[in-house]
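Student: Structure in structure tokens, see below.
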Amino acid sequence: MNSTEGLDEEAHVVVVGGGPGGSTLATLIAMRGHRVVLLEKEKFPRWQIGESLLPSTVHGICRLTGVADELAKAGFTRKRGGTMRWGANPEPWTFSFSVSPRIASETSHAYQVERSRFDQILLDHARHTGVDVREQHAVVDVVESDGRVGGVTYADAEGARGTIRARYVVDASGNRSRIHQHVGAAREYSEFFRSLALFGYFEGGKRLPEPNSGNILCAAFESGWFWYIPLSPTLTSVGAVVRRELADRVQGDPEAALTSLVAECPLIGEYLRDATRVTEGPYGELRVRKDYSYANTRFWRPGMALVGDAACFIDPIFSSGVHLATYGALLAARSINSVLDGTVEEDTAFREFEERYRREYRAFHDFLVSFYNMHVDEASYFWSAKKVTESTGSDLQSFVSLVGGVSSGEATLATQQALVQRYTSQSGEFAAAVDELAGSTEPSILPLMRASVVKDAMQEGANEQIRAQLGSDVGPEIPLLDGGLIASPDGLSWSSPA
């Protein structure tokens with residue numbers, strides 16, 4: 001099309017997509033005073049999958065953007081950790097985000113959220129921060145010149161078209177992105193994680209006993225695994241994930257398919273015994289989604305970056321989707337702010353973005369391969385984690401709290417210095433626990449624990465949370481990458497280490 005058709009305007013940054021990644025990135029750039037236009041093709045609120053959050057998003061990145069207090073007031077279900085029927089133990093076992101589950105702290109939980117409400121809160125907060133949010137504006141094409149992306153063309157709800165020229169375009173429009181290929185990237189799919197999910201919503205389902213009633217429940221069975229997410233005291237998201245070769249199990253009549261899969265998993269059947277499936281409204285449809293894990297071969301090019309599912313997606317068992325989206329948004333925002341402020345060269349800034357982002361994705365991917373492959377069950381190759389051993393003690397609790405990007409807090413910690421000391425101490429204790437596990441002959445989560453990239457990535461997630469709360473008071477930061485950059489004191493850009 002003619003890029004000069006209709007309204008022609010300018011901005012520093014155009015963000016495509018108003019989900020958590022797009023809203024977070026737009027907010028972080030607007031906080032530096034740059035002009036940001038966010039184009040969202042739908043009208044919020046709208047339904048979206050992915051209701052279970054990690055503490056690093058809630059207490060780290062959302063604290064940095066200033067929206068954490070609004071989330072705390074929203075009344076979302078508190079998620080203290082996870083409960084799993086997975087492994088050798090026939091009974092469900094629980095991990096907690098808190099080192100001591102009996103000590104209530106401000107940062108040892110996340111939320112189970114209705115994404116329509118959660119995404120609306122983040123988008124409204126972006127507006128209040130100064131982002132020019134335009135709903136029902138679909139991006140039609142990307143403007144390119146001399147090898148660089150320089151803006152987008154769009155169509156609004158009435159079909160009127162316009163062009164926004166910008167220094168940067170960020171694609172945060174999800175796994176169905178129409179423009180991600182303009183980065184020059186192809187999606188590389190994991191051969192290991194190729195599955196399909198059939199899911200719906202139920203009223204009146206059973207809850208786990210307190211204090212874990214808000215936990216996500218995951219249950220492995222012969223054909224795959226179930227998620228069971230308590231979104232409110234009565235509403236539950238329920239989904240069955242089956243491996244690719246069993247795709248015929250979710251074809252045809254979805255109601256009959258879900259009923260059959262629930263019958264194959266007695267634990268989920270028990271929890272749904274007195275429940276009724278929602279059949280009306282936004283939660284009334286049974287949906288099928290391909291949960292194929294992938295990562296683009298490139299996450300950026302001059303003038304354009306990808307975040308969230310537009311960049312990569314990983315198996316959903318540990319609820320990493322919103323975490324990866326918001327973490328990628330933070331990294332991209334730092335790079336864009338640094339270039340716009342003239343403090344870091346573009347190649348240097350975006351190399352930091354891509355390497356950190358890809359490293360985080362790889363850590364989750366490698367962890368999950370180990371989790372599924374730990375003790376292969378001959379009768380169920382893909383779901384080998386059915387024979388995962390009983391790692392339900394404090395080692396698993398401390399590991400998962402860092403997998404969630406969380407530094408578990410205690411009510412007795414009243415000063416910032418005490419928080420820093422506790423964080424430093426727990427980081428050392430975690431490293432020591434990993435080394436101890438790696439040298440043990442006891443069945444455990446050894447394949448993962450041997451990988452230094454996982455230890456490093458989990459510590460990085462915890463560090464982001466602490467820096468969001470304490471800023472420069474956390475002390476000098478060490479570059480995560482060899483010869484790399486560090487976050488600025490306010491967390492909004494990159495700087496060179498002293």
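Student: Probe of 1.4 angstrom, ligands and nucleic acids ignored: what's the accessible area per residue over the stretch 27-162, in square angstrom?
Tutor: On a per-residue basis, 39 Å².
Student: Quick one: net charge around Ser213, please, counting Lys, Arg +1 and Asp, Glu -1 for every other residue with C-beta under 15 Å from its C-beta.
Tutor: Computed value for this residue: +4.
Student: For the stretch 186-334, which whole-number percentage of the solvent-accessible area (1.4 Å probe, protein heavy atoms only) is attributable to carbon and sulfur atoms?
Tutor: Carbon plus sulfur share of accessible area: 53 percent.
Student: Can you tell me the mean projection area, over all orientations, of the convex hull of the stretch 49-96's alpha carbons? Units nm², please.
Tutor: Answer in nm², one decimal: 4.5.
Student: Here is a follow-up. Roughly how far apart, in whole Å, are the Cα centres of the stretch 42-81 and the stretch 196-251?
Tutor: A separation of 20 Å, based on Cα centres.
Student: Give the carbon-plus-sulfur fraction of the accessible surface of the stretch 9-50 in %, rounded to a whole number; probe 1.4 Å, heavy atoms of protein chains only.
Tutor: It is 49 percent, rounded to a whole number.
Student: A further question on this structure: So with the 1.4 Å probe, I'd like the accessible area per residue for the stretch 275-327, rounded to whole Å².
Tutor: Per residue, the stretch 275-327 has an accessible area of 31 Å².
Student: Over the stretch 112-179, what per residue volume does the convex hull of the Cα atoms give, in whole Å³?
Tutor: 124
Student: Let me cross-check Val140: its accessible surface, 1.4 Å probe, with only protein heavy atoms counted, in Å² to the nearest 10?
Tutor: Counting only protein heavy atoms, the figure is 60 Å².
Student: Rounded if a/c is under 1.5, else prolate if a/b is larger than b/c, else oblate: which is the stretch 218-325, with a ≥ b ≥ c the root eigenvalues of its Cα gyration tensor?
Tutor: Note, shape of the stretch 218-325 comes out prolate.
Student: Based on the mean of other Cβ atoms within 10 Å per residue, sort peptides 27-34, 351-358 so the most packed one is first.
Tutor: Those peptides, ordered most packed to least, come out 27-34, 351-358.
Student: Sorted by packing (mean other beta-carbon atoms within 10 Å per residue), highest first, where do 200-207, 330-337 land?
Tutor: Put in order of decreasing packing, that is 330-337, 200-207.
Student: Moving on to the next point. So, counting K/R as plus one and D/E as minus one, what does the shell of residues with Cβ under 11 Å around Arg35 add up to?
Tutor: That works out to -1.
The values are calculated or read from the model by the stated rules, or taken from the named source; none is laboratory data. Computed from a prediction, not measured in an experiment: that's the story for all the values here. Positions of Cβ are generated from backbone atoms using ideal geometry, with glycine treated the same way; all protein chains shown enter the neighbour counts. What goes into the accessible areas is simple: the full protein's heavy atoms, side chains included, and nothing from ligands, DNA or RNA. Shrake-Rupley method; radii C 1.70, N 1.55, O 1.52, S 1.80 Å.
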